[in-house]
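First the structure, in the form of structure tokens, and then the observations on it.
The values are calculated or read from the model by the stated rules, or taken from the named source; none is laboratory data. Source: prediction; values computed, not measured. Each accessible area value is taken on the protein alone, full model and side chains, heavy atoms only, with ligands, DNA and RNA left out. Shrake-Rupley method; radii C 1.70, N 1.55, O 1.52, S 1.80 Å.
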Amino acid sequence: LRSPQSPGAKARSSLPAGSQLPCFHGSSTIRNLKERFHMNMTEEQLQLLIEQMVDGSMRSITTKLYDGFQYLTNGIM
């Protein structure tokens, strides 16, 4: 996702400048989207961040509640 040839990079470069869509209004929308790719991190830093995020998610009560909801409503485990 972080390489210039990736689908994520292509999607970022095709974001409409001056779009009339409400989701693109505000100066922080595009900046926040770009920040989610963590382009300023090395691969090692990114790997550590992702491991921390996954670990935090696995211990989160909201994750457990959402997983339970998905299981009950859709049979998704």
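For the reader, a short list of remarks on this structure follows.
- Scanning the range 19-30 for residues that are in a helix (DSSP H, G or I) and over 17 Å from the mean Cα position of the chain (by Cα) yields a total of 1.
- Search result, residues across the range 31-72 that are open to solvent by 50 Å² or more (accessible area, probe 1.4 Å), of a type in the set (A, V, I, L, M) and part of a helix (DSSP H, G or I): 33, 48, 50, 53, 54, 58, 61, 65, 72
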